[in-house]
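Novice: Please read through the structure below; I'll follow up with questions.
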Number of protein chains: 2
Amino acid sequence: MRPRSIAVIGASSTKNSIGRQILRNLILYEFQGKVFPVNLKADVIQSIKAYPSVLDIPDPVDLAIVVVPRQYVAKVATQCGKKGVKGMVVITAGFKEAGRTGVQMEKEILEITRKYKMRMIGPNCFGVVNTDPAVRMNATFGKTFPGRGKIAFVTQSGALGEAIMVKAEELGIGFSMVASVGNKADISGNDMLEYWSHDSDTDIILMYLENFGNPRKFIKIARELSRRKPIVVVKSGRTAQGARAASSHTGSLAGMDISAEALFVQSGVIRVDTVEALFDLTVALANQPIPKGRRVGIITNAGGPAILATDSLISQGLEAPPISEKTKKKLAEKLPPGLNISNPLDLIAGAGPKEFEAAMRIMSSAKEFDAIIPIFVPPITVDPKEVSRAMVRGLSKTKTTLACFMGVTTGSEGVSILRENSIPVYQFPEAIGKTLERLTNYREWLDRPTGQTPKFKVKKSIVSAIVKSYQDSDCAEIIGSDALTILEAYGIPTAGYLVADSAQEAISCAGQIGYPVVMKIDSPKILHKTEVGGVILDLRSAEEISAAFEKLQAKLVKNKIKGALSVSLQSMVKGGVETVMGMTYDPTFGPLIMFGLGGIYVEVMKDVSFRINPLTDMAAIDMIKSVKSYPLLKGFRGSKSVSFEALSGALLRLSQLVVDFPQFQEIDVNPFMSCPAGKRSRAVDARFILQKDAG
Amino acid sequence: MRPRSIAVIGASSTKNSIGRQILRNLILYEFQGKVFPVNLKADVIQSIKAYPSVLDIPDPVDLAIVVVPRQYVAKVATQCGKKGVKGMVVITAGFKEAGRTGVQMEKEILEITRKYKMRMIGPNCFGVVNTDPAVRMNATFGKTFPGRGKIAFVTQSGALGEAIMVKAEELGIGFSMVASVGNKADISGNDMLEYWSHDSDTDIILMYLENFGNPRKFIKIARELSRRKPIVVVKSGRTAQGARAASSHTGSLAGMDISAEALFVQSGVIRVDTVEALFDLTVALANQPIPKGRRVGIITNAGGPAILATDSLISQGLEAPPISEKTKKKLAEKLPPGLNISNPLDLIAGAGPKEFEAAMRIMSSAKEFDAIIPIFVPPITVDPKEVSRAMVRGLSKTKTTLACFMGVTTGSEGVSILRENSIPVYQFPEAIGKTLERLTNYREWLDRPTGQTPKFKVKKSIVSAIVKSYQDSDCAEIIGSDALTILEAYGIPTAGYLVADSAQEAISCAGQIGYPVVMKIDSPKILHKTEVGGVILDLRSAEEISAAFEKLQAKLVKNKIKGALSVSLQSMVKGGVETVMGMTYDPTFGPLIMFGLGGIYVEVMKDVSFRINPLTDMAAIDMIKSVKSYPLLKGFRGSKSVSFEALSGALLRLSQLVVDFPQFQEIDVNPFMSCPAGKRSRAVDARFILQKDAG
């Protein structure tokens, strides 16, 4: 990917035209090769000989930057193909994002690209940058000339690309490459990831995404790559409405955010919500080691900022542990007497270079801290530059250090000294907490074993038979005993289940099962049974059973449901926690496994976790632990902890079921009673929906 | 508060000394009066005649800035008193924040201040600023000379004061006054609020707080003032550990955050978590009207940023409604054909001044929007300055407008043009969502009726008697029937309650109450009954009762609890939602009323709301609505909504009980079964703890 000659097709000398700006950027950024303007009319542009078409260029051409109006792009692409151009960057907009005609045109140029074995970036993009001294290619129409660095950046929005490059310049962040991929007709974010995974000039990868073309491929690449090179993503379309805005703009529907969230969690990608956070994190990743843990030591010369820092650390789930006796002794030797030595370590306003250097050195070497936050508010009595130099002297290369310099304008010399010595500087302490939280989560991902997807021995044929019978009878929904049989076939235990059509029958069933029992309406017509009160719990005698049967009969009438009543009877499961597991199908991401606590936790609190199928054993445990109501499973107020083995086991078996039967559109195991080890956890009810097109 | 002459006691000519800096600041900022340096030795400082003591100054002195070492402050204060100085600003540190001696010294200088009827700011502070052209007093040792504006700012941390003034200068925010109140020995934040409430030069009040001296007074002042002038607070010590850090630094324990949070909610104070958010909000308040609602229209020339903006709006609970047909028509007339007219309104990259002006004018006048967010990412083809001017022309003074200018360094002319025309500019769109959320919450506070605290007819004497009897018998805990009697006396309905000492008795009680019943161990020794399984629900027959009685007897033995078993019997309340209400006592804030949903919601999810007592009717409703599990009360899955009248009624009666009986340290009404209107909501169990010192 080191072009030696570039044709700018649509180059022009019209002031403020994109074609001119790209040409100028290539030249002024000193591209290490030849640049050929292509323009139908002009024979010279920017004092460079221009050609009417790429075919007229005497030399070979590696790369073409295409800026011509959309109706000419296809023609130009064909010429490029004939010329033997290897790659095209199509800046021109008005394709997939601009309605039906555009979609058609985009298909056309993609076919041409494929036909001539070219690769294409765009259309509808901002261009590409390669800062490699041997290349020095700025093929964008932006106003910034990015500095050299180890960060690669791919963006789906040209505007954000430019905005981020400008901000990066302000902060002195350098790039290895920048690619605005626009509509991603050919080259996608995944392609860039694959390239950078082998690019020795790239250590960190930044992405701005609005949607995923091939999320499953993204997981495959990112899961491995993120263990070697941090991948930081701003994914917009977090909210349903944001997603709609995204789709109307990029011409492809933005994936639901739960799917995206699951994808990032499962592939170790670091997600940030805002562009600010992207920078806060990037300067840290680019300059500092990733902390080994969550324990942070704070050094300050002012109380207020230290309190704000502590607040933000704690609220982000980090820790500010006390200073060990050993460290206290060391500090006491070096610091003025009478100073209150605790964490945050407040050196008070008088503190100068001497105190800061000592504090930095000792705190950085202390075993009780994984990261250090030096905070400095320049009092007039102290020279900030001196303090900065002292901090640098006291710095430990092995311990994450993020500094806060307050009350000085960002440009100040003190700040520059720290930055030049790769100590990231934040203007206010709160951003540091958020940044460290992301870093430590990433650390935990790095330390976590990859985990694997177990293969269980199951009775697949039983499920196939049931599914087939429903497909044949054109019934899309499997509930009741059939549903539970499917789960049993995959080794997911279920509660005993008998069906009765009369009070008498019900009583004898109850006899077999043993009191107390639960009675439910067993009718596909009624889904959310509880809504019509179709479930009666804890029946303890024949009398209660017949009473219940009559009650349900009345319900049917009341709800105008035809046909004779049949009820199901199950033994009443007590002393377990009601959980829910299931599968929901995302058009882009495929099946997602869902887990949560039963009833209102799912419906009201929306306290559920999703993972993209298939699950690894690690993922199964992880998704159980990540629901807020997790403490309930661990046991609360005397109640025993549920068996996590049984729970994760059931999830993994469900995951295998979903792999084996793509016919399922939706699965709902609700409730799955999770019981303590020894007692049998089991599914009480389940519901399967078959794909419309299935069979 | 217009000093005509100031003495700087401890003024000096030593370079970088605080005494010198303050003197210089006063002079260079051109204080509109006389400045007298006071220094024991020097007879001239900064070319100004100096005096050995304030008493030697020939002219009268209004204000003294004190910078002498702490051991001389008392002496100096006495001299000031004798001289007839009206106010002192004590910069000197080393008092309450620095251990026992300091506390003593602070007490001493406070007494002197009182004795001579002076007022004092500090000690341990950064100084004060008054930008009034008739005063022009910069009595700080900072490096900034704040510009004139309508914002008053009081800070408990000098360091943050300086930091915030520097940042404000960057953003062109001006102040009316700045006061660093340090240890607040005499003049507190409350005093400043009272002053500014009548100060016509102050429209907005900013506070940095670490703790409250007199929170009840704060509520009284702020509740009224915040309806006329927005009060924006950064309160640090949000986390327990942050609070500890705060206490170790300011020498007074930082109030628990739940109390602070309740206080802000109840007094209409706008709380922000970070200093960045403080500025984001302040520039909006200072330049724009407060939006009338949550409906936001977005105008952009780039898709990506608009999606980020939409995300942040929606996730902050704001709305981005569709554009009305009427508005669409107007836009279609003015905008290029083929443009997709929806919200966000993407004018696409080509858009220039003409498009932006039209879009701004039409969207701003559209009834369907309460606020407008113009987003601009300068493409090389358009001049940002022109677009800025166009935005200004299209601006409606009556509709909140917050702009996002991306990819241009903050200083750029385009941005300046907007700022000069009081359109706040944000570098990235995410901050705008957070800002609008705060603004709309504030609007809702402004629109909400104040509400009042009803006075119920109650049987106070009954409660007095019970309380007395427990105090006499030195028993700090009231549970069981006595507890429920107290509630009844205040008109809070309770579940029928009978006590029995034998299975036989229990059976006859159940007979009186009517099956099904609940049986509980009625023994003070066992608090969390459910933990030892001391509660048996839903007993339906004599057999089940005697079985239950034996079971509980066994429990007692198992838990080695001496004495004969006595049990309470209550009718089983069905079809209600288990809620909890109570009171907890905060040493600084006094009694807080608590509300939440029963069991795990309180214990695990910590889903509870607090309000400072006494409650208004508005506050009672508000605290019910503010728990996350609120949907459960409104009725979920067929279940009816509970009676909010009964619920808020109970809370208000509890509030009155707490006012009438300061002897209570803690109250726990758990559960209070909230039932639908018609069915009787009632307390099932309650527990009162008496103050140690009470009686």
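Novice: What number of residues within segment A:269-285 are of a type in the set (S, T, N, Q) and facing chain B (nearest Cβ under 10 Å)?
Specialist: Final tally of qualifying residues: 1.
Novice: Can you name the residue in segment B:225-250 that is open to solvent by 30 Å² or more (accessible area, probe 1.4 Å) and farther than 19 Å from B:T155 by Cβ and is also modelled with the lowest pLDDT among such residues?
Specialist: Filtering segment B:225-250 for residues that are open to solvent by 30 Å² or more (accessible area, probe 1.4 Å) and farther than 19 Å from B:T155 by Cβ, the one modelled with the lowest pLDDT comes out as B:R244.
Novice: While we're here: Considering only segment A:507-515, I want to know if a residue exists there that is modelled with pLDDT of 90 or more and either open to solvent by 50 Å² or more (accessible area, probe 1.4 Å) or in the same structural domain as A:F688 (by TED's automatic domain parsing) (or both).
Specialist: Taking every residue of segment A:507-515 in turn, at least one turns out to be modelled with pLDDT of 90 or more and either open to solvent by 50 Å² or more (accessible area, probe 1.4 Å) or in the same structural domain as A:F688 (by TED's automatic domain parsing) (or both).
Novice: Here's something else I'd like to know. Residues to consider are A:A7, A:A77, A:A42, A:A50; find the one that is open to solvent by less than 20 Å² (accessible area, probe 1.4 Å) and more than 26 Å from A:A185 (Cβ to Cβ).
Specialist: A:A50
Novice: I need the full set of residues from segment A:365-380 which are touching a helix residue (DSSP H, G or I) at 6+ places or on another chain (Cβ under 7 Å) and free of Cβ contacts under 8 Å to residues at least 40 places away in the same chain, in order please.
Specialist: Across segment A:365-380, the qualifying residues are A:P378, A:I380.
Novice: Do the conditions hold for A:V415, that is, is it within 24 Å of B:A159 (Cα to Cα) and out of contact with any helix residue (DSSP H, G or I) (no Cβ under 7 Å at 6 or more places or on another chain)?
Specialist: The answer is yes for A:V415.
Novice: Then there is this: Count, please, the residues in segment A:10-32 that happen to be in contact (Cβ under 8 Å) with a residue 60 or more places away in the chain and either open to solvent by 30 Å² or more (accessible area, probe 1.4 Å) or part of a helix (DSSP H, G or I) (or both).
Specialist: Qualifying residue count, segment A:10-32: 8.
Novice: On to the next question. If A:R680 meets every condition in (1) within 30 Å of A:D522 (Cβ to Cβ); (2) crowded, with 20+ Cβ neighbours inside 10 Å apart from one, which number is that one?
Specialist: A:R680 satisfies all of (1) within 30 Å of A:D522 (Cβ to Cβ); (2) crowded, with 20+ Cβ neighbours inside 10 Å except (2).
The rows are residues; the columns are (1) open to solvent by less than 10 Å² (accessible area, probe 1.4 Å); (2) farther than 24 Å from B:D622 by Cβ; (3) modelled with pLDDT of 80 or more.
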residue	(1), (2), (3)
B:K529	no, yes, no
B:A547	no, yes, yes
B:V567	yes, yes, yes
B:S571	no, yes, yes
B:V577	no, no, yes
B:Y601	no, no, no
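Novice: Which condition from (1) surrounded by fewer than 19 Cβ atoms within 10 Å (Cβ to Cβ); (2) touching a Pro at 6+ places or on another chain (Cβ under 8 Å) is the one that A:N340 breaks?
Specialist: Going through the list (1) surrounded by fewer than 19 Cβ atoms within 10 Å (Cβ to Cβ); (2) touching a Pro at 6+ places or on another chain (Cβ under 8 Å), A:N340 breaks only (2).
Novice: So which of A:G596, A:G590, A:G635 ends up being more than 20 Å from A:Y490 (Cα to Cα), assigned by TED's automatic domain parsing to the domain that holds A:K460 and buried (at least 23 other Cβ atoms within 10 Å of the Cβ)?
Specialist: A:G596
Novice: Kindly establish whether B:A332 is more than 39 Å from the chain's Cα centre (by Cα) and within 19 Å of B:V392 (Cα to Cα).
Specialist: In short, no.
Novice: Would you confirm whether any residue within segment A:359-382 is open to solvent by 30 Å² or more (accessible area, probe 1.4 Å) and within 14 Å of chain B (Cβ to nearest Cβ)?
Specialist: Among the residues of segment A:359-382, at least one is open to solvent by 30 Å² or more (accessible area, probe 1.4 Å) and within 14 Å of chain B (Cβ to nearest Cβ), which makes the answer yes.
Novice: Continuing with the same structure: Counting only residues that are more than 26 Å from A:V234 (Cα to Cα), hydrophobic (A, V, I, L, M, F, W, C) and assigned to a loop (DSSP other than H, G, I, E, B), how many does segment B:401-457 have?
Specialist: Residues in segment B:401-457 being more than 26 Å from A:V234 (Cα to Cα), hydrophobic (A, V, I, L, M, F, W, C) and assigned to a loop (DSSP other than H, G, I, E, B): 2 in total.
Novice: Here's another thing I want to ask about it. How many of the residues making up segment A:606-627 are free of Cβ contacts under 8 Å to residues at least 12 places away in the same chain and either crowded, with 20+ Cβ neighbours inside 10 Å or under 18 Å from A:V642 (Cα atoms) (or both)?
Specialist: 1
Novice: Determine which member of the set B:Q32, B:Q21 is farther than 22 Å from B:T113 by Cβ, more than 14 Å from chain A (Cβ to nearest Cβ) and under 41 Å from the mean Cα position of the chain (by Cα).
Specialist: B:Q32
Novice: As an exercise: evaluate A:V178 against (1) surrounded by 24 or more Cβ atoms within 10 Å (Cβ to Cβ); (2) facing chain B (nearest Cβ under 10 Å); (3) over 20 Å from the mean Cα position of the chain (by Cα) and give the number of the one condition it does not meet.
Specialist: (2)
Novice: Do any residues in segment A:543-556 that are in contact (Cβ under 8 Å) with a residue 24 or more places away in the chain have Cβ atoms under 6 Å from those of residues that are assigned to a helix (DSSP H, G or I), where the two are at least six apart or on different chains, and which pairs are they?
Specialist: The qualifying pairs are A:I545/A:A506; A:I545/A:I507; A:I545/A:A510; A:S546/A:A503; A:F549/A:A503; A:F549/A:A506; A:K555/A:V532.
Novice: Which residues, taken from segment A:38-64, are touching a residue at least 24 places away in the same chain (Cβ under 8 Å), under 16 Å from A:S13 (Cα atoms) and either β-branched (V, I, T) or not assigned by TED's automatic domain parsing to the domain that holds A:A11 (or both)?
Specialist: Once the filter is applied, which keeps residues that are touching a residue at least 24 places away in the same chain (Cβ under 8 Å), under 16 Å from A:S13 (Cα atoms) and either β-branched (V, I, T) or not assigned by TED's automatic domain parsing to the domain that holds A:A11 (or both), segment A:38-64 yields A:V38, A:I45, A:I48.
Novice: Name, by its number, the condition in (1) part of a loop (DSSP other than H, G, I, E, B); (2) more than 21 Å from the chain's Cα centre (by Cα); (3) at pLDDT below 90 that does not hold for A:K628.
Specialist: Tallying (1) part of a loop (DSSP other than H, G, I, E, B); (2) more than 21 Å from the chain's Cα centre (by Cα); (3) at pLDDT below 90, A:K628 fails exactly one: (2).
Novice: If you don't mind, there's one more thing I want to ask. Scan segment B:308-328 for residues that are open to solvent by less than 40 Å² (accessible area, probe 1.4 Å) and under 31 Å from the mean Cα position of the chain (by Cα) and jot them down.
Specialist: B:L308, B:A309, B:T310, B:D311, B:S312, B:L313, B:L318, B:A320, B:P321
To keep it simple, each residue is scored yes or no on (1) more than 14 Å from chain B (Cβ to nearest Cβ); (2) crowded, with 21+ Cβ neighbours inside 10 Å; (3) in contact with a Lys or Arg (Cβ under 8 Å, 6 or more places away or on another chain).
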site: A:F405; (1), (2), (3): no, yes, no
site: A:R419; (1), (2), (3): yes, no, no
site: A:P424; (1), (2), (3): yes, yes, no
site: A:P429; (1), (2), (3): no, yes, no
site: A:T440; (1), (2), (3): yes, yes, yes
site: A:D447; (1), (2), (3): yes, no, no
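Novice: Also, I was wondering about something else. Taking the condition within 14 Å of another protein chain (Cβ to nearest Cβ), under 25 Å from the mean Cα position of the chain (by Cα) and buried (at least 24 other Cβ atoms within 10 Å of the Cβ), does A:V128 pass?
Specialist: The answer is no for A:V128.
Novice: Please work out if A:G496 is modelled with pLDDT under 90, surrounded by 14 or more Cβ atoms within 10 Å (Cβ to Cβ) and more than 14 Å from chain B (Cβ to nearest Cβ).
Specialist: When the stated conditions are applied, A:G496 passes them.
Novice: Does segment A:153-212 hold any residues that are of a type in the set (S, T, Y) and touching a strand residue (DSSP E or B) at 6+ places or on another chain (Cβ under 8 Å), and which are they?
Specialist: Hits for segment A:153-212 are A:T155, A:S157, A:S176, A:S180, A:T202, A:Y208.
Novice: Follow-up question, since we're still on this one. Looking only at segment B:87-109, count every residue that is open to solvent by 10 Å² or more (accessible area, probe 1.4 Å) and out of contact with any strand residue (DSSP E or B) (no Cβ under 7 Å at 6 or more places or on another chain) and tell me the total.
Specialist: 14
Novice: While we're on this one: Tell me which of these B:S312 doesn't satisfy, since it passes every other one: (1) part of a loop (DSSP other than H, G, I, E, B); (2) at the interface with chain A (Cβ under 8 Å from one of its Cβ atoms); (3) farther than 30 Å from A:N25 by Cα.
Specialist: Of everything listed in (1) part of a loop (DSSP other than H, G, I, E, B); (2) at the interface with chain A (Cβ under 8 Å from one of its Cβ atoms); (3) farther than 30 Å from A:N25 by Cα, B:S312 misses just condition (1).
The values are calculated or read from the model by the stated rules, or taken from the named source; none is laboratory data. All of these numbers come straight from a predicted model, not from anything done at the bench. Cβ coordinates were reconstructed from backbone atoms using ideal geometry, including for glycine residues, and neighbour counts include every protein chain displayed. Areas reflect the complete protein model, heavy atoms only, side chains present, ligands, DNA and RNA absent. Shrake-Rupley method; radii C 1.70, N 1.55, O 1.52, S 1.80 Å.
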